[in-house]
Structure formats: structure tokens, C-alpha cells
Amino acid sequence: MPAASQPSENYPRASKIPSSESHSARETPPPRADIPFILTTVGQRSDPATRKLIRSHVMLGKNKGRPRPSKRRRPPSWDTVPPWDSTENVTVIHEQIAVIPRRVGSDWSFVQLADEIEPAALADIIKFSSVSKQVTVPLEACIVFHKVDGRMVQPLALDAAYLNAAALGTRIYIGLMLGSEGSCDLICGSPHYSKALRLLRERLSSGLEAEQTSDSTITVVIALALHARISKDYEAARHHIEGIKKIADLRGGIAEISSRPMLAMEIFRCDIGIALETDKRPVFFANVGGVESFVPFLSDMPITEPQGSHNSRGGDTPEIFLDNIDQDLAAVWKATRRFCVLVSRAATSRRKLPEGNLLQALASIMYRLLHRSYTGRSFNETLRLALLAFCSRIFLQLPVIRIEDTHLSNAYRECLLEVDTAQAATPRLMLWLQMIGIVAVFGSTDRAWLSPLLRSSFERCGIGSWRELADVMNELVWIGLVFDRPGRDVLNTLLLDES
């Protein structure tokens, strides 16, 4: 009778089950409960129960499915932990809790910048660049802008002057948006101003024309001009704009820079803003008729009258007054109204206009208005100032900030109070002139003298609701996206005062 095989040294190995004869001669000892031990003989097939037992033993630890991460155990609060009793023989086990550390720094933390800069200033640059269009372009909702390319981001790591100018410009815009009384002191005391100015001077004296006329150099000068405007140093601001004009001439004229619409927009906005605040002609397009020419108007397009504006008030057609004014001014009025229709259609259809249209409208309309003037308090001069007030609101001003107490607002106020409009102005046009003043350039102190004039115009035009007022405004020059809310507030205030 063969003896039972012994298990191996490392792990018990299953042997064959003995035959029935051997099993009857010798009783098989009962296997241990924890480890099954199977005996077998050569040539004997295992019964199904034995095969099942072997298979289940082989498959131990397998086919358990996809492993699942264990839930992190939350440490008990101090209120639920029982007080420590030193008399008890208890082994204390300190369980280490795995904690993912918080993120340190930003995506720019390990980027080598062109100059040392405070982390807070860098964070402001990054945040402001992501929302700059929304806070600086009133018509942003109707314009599709090209994504910022590497030409405006890479200089942060390569150009120290550009980096400091970006920090300075960001600080200026944030200060304007905050609107605090001390924002000017905060902006004017920026250390980035002196750095940007010093680095710009070094570049201009280096003799490297490619760097002197680059986009980043123009951006630095724009930031310095903006700083001078905020500081009320208009002579320095104009000097900076003249420098940009020289750079543009070296590059082949403003047409070459206009291929970068947003860069050209910032140049024009700064140039025009200084002109409006100082009553001086802008730097660009000063030699029209010689070596320069105005930017052409946007292509002609058919204009359809807004619904509800079919000659229903006073018998005067919307633009009959154009026959009685200067024809150059009439052409600007038509171009402005055409652009308003384009923007209104874009807002209604949600089909945005290309950024080039915004640049072309700004340059073609505002420079023509600024390079012309009319005598005294004539109706032509009043209408020119009204169009400037309207365009400054849709092209220049920040959506959350109104530019008040400038030369434009003062001159327009005098015109509205003294102009003789008996021959040229219709009742609806007079209402429009007054509404543009109060929603675009006048401050709260002007309501005292303007409110009686508005009430009189409402009565003459039969205005009793916002819908009626909106119809009259849309017949002329109006963009609801910008002016509907303040216009409605004006009407509600006047109607409330009467009740």
C-alpha cells in the first residue's frame, strides 16, 4: 500500500486520491478545515465534487472584478473622540491621512519673464487680458474678435518694456473701473511707469529699427500716453501719439498697422480721446488732401426703417433735415446711421460683425467729425458735437464709466442752450439731440436744466411710453444695446417726477 505523499516545503501540493481498494484498507485522515488536503492514486479520475473543490481553490483571489478605490475615511471630530484613559492597556495607532496638497502658484509660476514683476501685478495682467474686450469695448457683444496670438503674449517673456507697459495699462484700467477717488494717485505712482519709460528710451537710442518700430514698442507708447491722459498731462500724451505717428510712417503708413485691428483701435481711441478732452485736432489724418486720405465709409447697404416708424408723428420724415445742413456732415450722419443698423441687426440675429468693421466705422466717422468745425452755435456745429457725443459713447468709453466734464460736454451744453434750430431741426431731432446729451456725455448736474427741455420735447412729439420714445430714437441714430437702458431710466424719472 503506497504511503500518502507529503506536502512540499513552501506550499501544500495536492496529490492524487487513492483507489477504492487502498481507501478501504486504510482510513484517510480528515483534512484540516483551513487548508484542504486531497489524496489520489495514479489512474483514478477525480469525482465532480473533488474537481470543483480543486477549481475553487485555484481561483482563490482571482476574478474579483475591477478594483474600486476605497472611500477615504474621514477623521473623527474632536467632539466624538472619547477622552484618553491612561489606565487602560490600549495600543494607540496613529493613522496617517492622505491629503492632496493645494495648488501652489499659477500657470506662469515657472515661466521666466523678461523682468521682475510682482505676482499680484502678473495675476492682474492675466485676468484683465481675458476680459479686456468686455470692459473696454461697449459694442463687444456684437463684434467677433480674433483670438490673441503669440505676438501679444510672447513679449511678456521677451520684452521687459512691454511687460512693464502691460502692468501699467492693466493698473490704469482697473483703477478706472474701480472709480475710487484715490485711483489717480494709485495709477500715477506705479513703479512700472518709470521702468517702461526708461526701457523705451534705451530702445529708441539703440539704433535697431526693427525693435523701434515693432508692435510691442507701439504698445509701450500707448500705455505711456494713457498714463499721461490720466495724469492730465495732455502735452506729454500728445507727444506720445506723435511718436506713434512717426513709427507708423516708418512702417508704411497707418494702413499697414490697420492690418492689426485692435492695435490700430487702441491708437485711434487714444488719439481721439485726447482731442475730445483738449479741443485740439487729432494727430492722425491731419494732412488729408495731401499725403493722407480719410478711411472710407463702410460699403453702402439698403436701410429699412424700423418697425413702427412710418411717419406717424408730426408729418416730418426722419431725415428731411439733411437737405438743410452741410453735405459733408450729412454724409457722416448717413454713415453713422448705417453702422447703427448693422449693429442692431447683429444684436438681433446674433451674427456678429468682424472687428475690421468696428475699426473702419470709428476711423471713418470720428476723424471726419474732429477735423471739421462750424461757426458759432450753428445747427451744423450742434449736430457735429451730438454725433461726436454719440460716437464717443459707442467707440471710446468704457461700458461701466462715463466721461464727463470734458471739452466736448461743455461745448455741447452751450450749443443746446443757445443754438437756433428753428430752420433746420424738427421736434423729433431736437428730442434726439437732448437725449444723446443726457445718456452720453452729460452728468447728473445737467438734469436740472435739461429735464424741462426734455418734458417739452416729449409733449411736442406725443411721447408717453418707452416704446414710443424708442421708435423715435431708432428712426434717427441709436443703438439699443448701449442706450436703451439709460434712455428708459431718463423717461421713467421724468414721468415719475410729473406724477
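Here the spin labels are modelled as points 7 Å beyond Cα on the Cα-Cβ line, and at Glu414 and Ile230 they lie 3.1 nm apart. With the cut-off at under 16 Å, measuring from each backbone N in the stretch 341-368 to a point 7 Å along the Cα-to-Cβ line of Ala255 picks out 360, 364. Sorting Trp466, Trp333 from the fewest to the most surrounding beta carbons within 10 angstrom yields Trp466, Trp333. Each Lys and Arg adds +1 at its Cβ and each Asp and Glu adds -1 at its Cβ; summed about the Cα centre, the stretch 187-241 shows a dipole of about 240 debye.
If a spin label sat at a point 7 angstrom from the Cα of Gln134 along the line to its beta carbon, no backbone N atom of the stretch 156-171 would be nearer than 11 Å.
Count Lys and Arg as plus one, Asp and Glu as minus one, and take only other residues whose Cβ is under 9 Å from that of Leu199; the net charge is then +1. Report the local net charge at Ile247: Lys and Arg +1, Asp and Glu -1, summed over other residues whose C-beta lies under 14 Å from its C-beta. Net charge around Ile247: -3.
Given the C-alpha centroids of the stretch 195-252 and the stretch 340-415, what is the distance between them in whole angstrom? Spelled out, the Cα-based centre of one part sits 26 Å from the other. Distance between the 7 Å Cα→Cβ label points at Ile174 and Phe145: 1.8 nm.
If R0 equals 41 Å, the separation of the Cβ atoms of Arg281 and Ser451 corresponds to a calculated FRET efficiency of about 0.75. With θ taken as phi - 60° and the Karplus curve 6.51 cos²θ - 1.76 cosθ + 1.60 applied, the whole-hertz 3J(HN,Hα) list for the stretch 471-483 is 4, 5, 5, 5, 5, 9, 10, 7, 10, x, 4, 9, 10 Hz, x standing for glycine and proline. Answer rounded, prolate or oblate for the stretch 455-495, using the Cα gyration tensor with square roots of eigenvalues a ≥ b ≥ c: rounded when a/c is under 1.5, else prolate when a/b is larger than b/c, else oblate. It comes out oblate by the Cα gyration axes. Neighbour counts of other Cβ atoms within 10 Å put Asp497, Asp326 in the fewest-to-most order Asp497, Asp326. If you take the beta carbon distance between Gln154 and Lys334 as r and set R0 to 51 Å, what does 1/(1 + (r/R0)^6) give as a FRET efficiency, to the nearest 0.05? FRET efficiency, Gln154 to Lys334: 0.75.
Summarising the label geometry, the points placed 7 Å from Cα in the beta-carbon direction at Leu113 and Thr40 lie 7.6 nm from one another. When Tyr412, Tyr193 are arranged by Cβ crowding within 10 Å, least crowded first, meaning fewest neighbours, the order is Tyr193, Tyr412. Here the gap between Met59 and Leu204, fully extended at 0.36 nm per residue and compared with their Cα-Cα distance, gives a gain of 44.2 nm. Amide hydrogen proximity for Leu353: with H placed 1.01 Å from N in the peptide plane, the residues at 5 or more positions away or on another chain lying under 5 Å are Ile143, Val144.
For Glu242 and Arg460, the FRET efficiency from 1/(1 + (r/R0)^6), where r spans their Cβ atoms and R0 equals 45 Å, is about 0.45.
We did not get these values from a lab; they are worked out from the coordinates using the rules stated. Just so it is clear, the model here is predicted, and its values are computed rather than measured. Don't worry about glycine lacking a Cβ; one is built from the backbone with ideal geometry, like all the others, and counts go over all protein chains shown.
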